[in-house]
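The structure under discussion appears below in the form of C-alpha cells.
FYI, it's all coordinate maths here, none of it is from the lab. The model shown is predicted, which means the values in this text are computed figures rather than measured ones. Virtual Cβ from ideal backbone geometry, glycine too; neighbours counted across all protein chains shown.
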Protein chains: 2
Amino acid sequence: MARVTIKDIARTARVTPTTVSNVINGRHARVSKKTIQHVRQVVAHLGYTPNQTARSLVSSVSKLVGVLIPFTEDRNKLLLDNPFYGEMVSGIESSLRANGYHMMLAGIDEGNIDLAPFLQWNVDALIVLGVYQDLLYSSVRSLDLPTLLIDSYVRDDHFFNLRLDDKLAAHQATTHLIDNGHRRISFVAGAIREDGVIARRHEGYRAALSERGIAYDPDLVFTGSVSFDYGKKVASAIASDPSITAAFCAADLIATGLMSGLQMEGRRIPEDISVMGFDNISIGKMLYPALTTVDQGILARGESAGSLITSALAGQAVPKDMRTPTTIIERASVATIGNARRG
Amino acid sequence: MARVTIKDIARTARVTPTTVSNVINGRHARVSKKTIQHVRQVVAHLGYTPNQTARSLVSSVSKLVGVLIPFTEDRNKLLLDNPFYGEMVSGIESSLRANGYHMMLAGIDEGNIDLAPFLQWNVDALIVLGVYQDLLYSSVRSLDLPTLLIDSYVRDDHFFNLRLDDKLAAHQATTHLIDNGHRRISFVAGAIREDGVIARRHEGYRAALSERGIAYDPDLVFTGSVSFDYGKKVASAIASDPSITAAFCAADLIATGLMSGLQMEGRRIPEDISVMGFDNISIGKMLYPALTTVDQGILARGESAGSLITSALAGQAVPKDMRTPTTIIERASVATIGNARRG
DNA sequence: CTGAAAGCGCTTACAG
DNA sequence: CTGAAAGCGCTTACAG
C-alpha cells in the first residue's frame, strides 16, 4: 500500500489539497471550523505523515540543522566515541528535536572539508564543534546559513558563539589547588591555538599563580593533544619531579591518562600527587579515585546550542555571544597538603 | 546568489536538463563523449551540488538510513554519551558515508516509539541498536524497509541480524577465569530478557562452570541494569562474601562500577578480587588497573552494519544472519590464584 | 472560506 | 544520441 499523501486526504475529505495543506499547517484563519474538524479526522483515520522531502523542496526550509564534529585523526570516524562529543551531540539532538528540527551529523578533518551533505539536504542552520583552520570558517561562512560556533574564539560577526569563561574557570581551578596548599602545579593540555580554549585556560592558570605570588615555571607546562595517551605519556615526566604536588589538566581525558600513568609508576593519588581535570565527562566519576574537575555542563550546553540556533531560525533576537557557567566538582583526586586553609 | 540547479547547467551548456541529468548520473550510454566532457566542465565551473531533496522526491530513494538507538531513561536524550553507542554509531556512520549514504539518528524509549522522522525523510533502510518490546519490532516491520537488528535475538525473517556469539564469548571469559584458579565466580549483568544478549551470556557462564565441575550458585548472580551505578551497587554484596575471588561482568560499564565500588571498600584489584568485563569500550584501558575484557570490536561491527545494509540496498545477496568474532583482551584486572595453570 | 494553477529541482519513460 | 513532457508531494500567491 502506497503511502498516503495530501491528495488522498483531499479526495476522501472532499476538499482540495490547498485546504488540507492549510489545516495541516495551522493556517486556521483561512478555513472554517467545520472543515478543520473534518480534515483532521480524515488525517487521523488515514494515518498521514507529511513528506518532508516535498516540503523542503517547495518551501526551502528543511527543518534540518547540520552538526559538524571533528573526525578522528586516523580513520575518518566521527569523534563520537569521545565522551565529550557524544554527550554534547546528545544534548544538541534533544533540544533540536524538542523544537521540531532534526540533526544531520557530519565530520571534518582539516584536510578534507566536505560540506556537500549539508548542501544536498538543504540544512537550515549549522552548529560547529571544535576549532579549525581559517579555511573551514570561510567555507562555512560562504554557505550563508545561521551558524553557531561552540568553543571557538575566532572573531567574525557572521557567527553565533557559545563559550565558557575559560580563563575564569582555569583561574578558579588553579586557585582551588593553591588553596589546598599546592605551589608547584603542573599545567597539562592540548596544543595551544590562538583561536582555541586552551590558550585562555593557560592564561587563567598563569593569572592565578601570579595573583598568589607563585612564579610561572615553563618547565611545568606540557602541551600535546587532548587524549588519554598524551596524559599517560606526560606522567613519567611529572613523576620524575617530586617537587610537583599537583597537576591541572585542561581536559578530563588528559587527566585520566595522567592518573593512569602516575598510578602505573606507583604514585598514589591524591596522597603523592593531586590531579584536577576540566570538562566533567562521565568517565571522571568512574575513576578511582574519582576525579575532581571543572564542570562545564556539557549536556546542558548542547541543549543551549540547539535552542539558540532554533530561536535564531524562528526570527527571535538571539545574543551573538553566549557564555555558560562552570563550577568546580570536588571529588577525590585532590589532597590538602601542608597547613593550607580550606575554602 | 541563488543556488545553481540542473537548469542552469543545461542553459549554459546548451543542452536539456535531461541530458545534464544523464551525465550526472553516469548514464553514459545515452550521451556522446563530447557532450559528457562539456557538461562536466560546466558543472565544475558553476559548482553544482545536486539537490538531494528533489532527487528523493522523484526517485523515492533518499540515500538516508535511519539509525535507532535507545534514549536515556530519564530525559529523552540519545544514549550517545554511553561510549558503547557512541563508538558503534561512529562506525555505522563512516561506512554509510563511504557507501554514499547518510545517517539519520533517532532515539526510542519503550513508551514512545516515534518513527515519524524516518517516514518524513523517506529513509531507505533502518539499523536498530538494542532490545525492545514486540511493539517496536512490529512498528518497524510495518515500515517495510530493509532493516538490520544489532544484538537482538528476536526471530523474524523480515530482519537482518548482526550478532556476536554471545554464549561462546561468555563461555570463554568464564573459562579464562577458571583457568586462572577461580572457582567462586560472580556473574553481574543487566536484566535478562528472552530476546537479549544477557540471557546467552548467562548460559555461557553456566556452561563453562558445569564443564569444569563447578556448581552453579544463584547467589553469585546479580542482574540489574547495564550501568556504572548498578555495578557500584553490587560491589558491597560481593565484597561481603570473601569466598568470591572473581566477577565476570556482562558489560564493561558494570565492571567499571564494580571496580570503583570494590576499591572504595578497600579491596585491591586484582589481588583481592579479579574483575572481567565484556565489550571493550574505551574506558576499560583508562582504568587502573586496566580492565581485562572480551573485545567485541564495536567500531568494526558498526562498520559491518553499515556496509551490510548498504549492500542489501544495492541488491546484493546478503546473509540474513551475520556473526562477528570476539577475543579476550588480557590487561591487569584478573589475577592468577592458587596453583592454577595458565593458558 | 475554498479552489485552480504554478512551481520547487529533479528523474523517467517515451519519441524522434 | 538528444529533447519535450509529465510528475514526485507539497506550498504559495492569487482569484473568486
**Request:** Would you mind checking which residues have amide H under 5 Å from B:Ser152's amide H? H placed 1.01 Å from N; only 5 or more apart, or other chain.
**Result:** B:Leu162
**Request:** Quick one: among A:Asn22, A:Asn112, A:Asn122, which has the greatest mean-square fluctuation in a GNM of chain A with alpha-carbon springs under 10 angstrom?
**Result:** A:Asn22
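Give the dimensionless ratio obtained when the Cα radius of gyration of the protein assembly as shown is divided by 2.2 N^0.38 Å.
1.06
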**Complete:** Phi angles of region A:216-232, converted by Karplus (6.51 cos²θ - 1.76 cosθ + 1.60, θ = phi - 60°) into ³J(HN,Hα) in whole Hz with x for Gly and Pro, give 7, 10, x, 5, 8, 9, 10, 10, x, 9, 7, 7, 4, 4, 5, x, 5
**Message:** Measuring nothing but label to label, 7 Å from Cα along Cα→Cβ, what are B:Glu265's distances to the other copies in nm, shortest first?
**Reply:** 3.3
**Asked** Could you give the distance between the Cα centres of region A:82-111 and region B:21-77, to the whole Å?
**Response** 23 Å
**Fill in**
In this structure, among B:Lys7/B:Lys33; A:Lys232/A:Lys285; A:Lys285/B:Lys233; B:Lys167/B:Lys320; A:Lys33/A:Lys63; A:Lys167/A:Lys232, pairs with alpha-carbon gaps over 23 Å are A:Lys33/A:Lys63; A:Lys167/A:Lys232
**Complete:** For A:Ile127, the residues 5 or more places away or on another chain with a placed amide H closer than 5 Å to its own amide H are A:Gly66, A:Val67, A:Leu68, A:Leu148
**Prompt:** If you stretched the chain out fully between A:Ala317 and A:Val58, how much longer would it get, using 0.36 nm times the residue separation minus the C-alpha to C-alpha distance?
**Reply:** 90.6 nm
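Residue by residue through B:277-288, how many Cβ atoms from other chains fall within 10 Å of the Cβ on average?
4
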**Rotationally averaged projected area of chain A (alpha carbon convex hull; nm²)** = 21.9 nm²
**Prompt:** Dipole magnitude of the protein assembly as shown about its Cα centre, charges +1 at Lys/Arg Cβ and -1 at Asp/Glu Cβ only, in debye to the nearest 20?
**Reply:** 2580 debye
**Projected label distance in nm at B:Asn99 and B:Asp157, using a 7 Å step from Cα toward the beta-carbon** = 2.3 nm
**Neighbour cut-off at most 12 other Cβ (10 Å), DSSP loop, trypsin sites (Lys or Arg not before Pro), region B:105-188** = B:Arg155
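With the convex hull built on the Cα atoms of region A:205-308, state its orientation-averaged projected area in nm².
In nm², the orientation-averaged hull projection of region A:205-308 is 7.7.
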**Cβ-placed point charges (K, R +1; D, E -1), dipole of region A:78-226 about Cα centre in debye, nearest 20** = 500 debye
**Value of [θ]222 nm, deg cm²/dmol, for the protein assembly as shown, DSSP H segments ≥ 4, -39500 (n - 2.57) each, nearest 500** = -12500 deg cm²/dmol
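Between A:Ser240 and A:Ala215, what FRET efficiency comes out of the Förster formula 1/(1 + (r/R0)^6) with R0 = 22 Å and r the beta carbon distance, rounded to 0.05?
On the way: r = 20 Å, r/R0 = 0.93.
The calculated FRET efficiency here is 0.60.
So what's the convex hull volume per residue for the Cα atoms of region B:6-50, in Å³?
Here the figure is 58 Å³ per residue.
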**Asked** Do any trypsin sites (Lys or Arg not before Pro) in region A:224-308 lie in a DSSP loop with no more than 13 other beta carbon atoms within 10 Å, and if so, which?
**Response** A:Arg268
**Asked** Which of B:Gly47, B:Gly231, B:Gly130 moves most in a GNM of chain B, Cα contacts under 10 Å?
**Response** B:Gly47
**Segment A:Ala332-A:Ala29, extension gain: residue separation times 0.36 nm, minus the distance between their alpha carbons** = 102.9 nm
**Request:** Give, in nm to one decimal, the length gained when the segment between B:Arg193 and B:Asp114 is fully stretched (0.36 nm per residue of separation minus the Cα-Cα distance).
**Result:** 26.1 nm
**Complete:** A:Arg40 and A:Asp229 label points (each 7 Å along its Cα→Cβ direction) are spaced in nm at 5.9 nm
**Prompt:** In a GNM of chain B with a 10 Å cut-off on Cα contacts, which of B:Arg27, B:Arg323, B:Arg212 has the highest mean-square fluctuation?
**Reply:** B:Arg27
**Item:** Residues with amide H under 5 Å from that of B:Val221, placed H, sequence gap 5 or more
**Value:** B:Phe187
**Prompt:** B:Asp144 versus A:Thr18, label points 7 Å from Cα toward the beta carbon: distance in nm?
**Reply:** 3.3 nm
**Prompt:** For region A:191-253, what value does the Rg/Rh ratio take when both radii are computed over Cα atoms and Rh is the Kirkwood radius, given to two decimals?
**Reply:** 0.96
**Request:** Take the Cα gyration tensor of region B:271-332, multiply each eigenvalue by 5, square-root it, and list the three semi-axes largest first, rounded to whole angstrom.
**Result:** 34, 11, 6
**Shielding of B:204-217 by partner chains, average beta-carbon count, 10 Å** = 0
**Request:** Could you name the residue in chain B with the C-beta closest to the rotation axis that superposes chain B on chain A, along with the separation in whole Å?
**Result:** B:Gly86, 2
**Prompt:** Which distances, shortest first and in nm, link A:Pro242 to the matching position in the other copies, using label points set 7 Å out along Cα to C-beta?
**Reply:** 3.6
**Asked** Name the GluC sites (Glu not before Pro) in region A:268-343 that are in a loop by DSSP and that have at most 15 other C-beta atoms within 10 Å, would you?
**Response** A:Glu271, A:Glu330
**Along each principal axis, Cα extent of region A:150-240, largest first, Å** = 47, 31, 18
**Asked** Between region B:183-210 and region B:214-263, what is the C-alpha centre distance in whole Å?
**Response** 13 Å
**Asked** Can you tell which of B:His38, B:Leu80, B:Ser62 lies farthest toward the positive end of the dipole of chain B, using +1 and -1 charges on the Cβ of basic and acidic side chains (Lys, Arg; Asp, Glu)?
**Response** B:His38
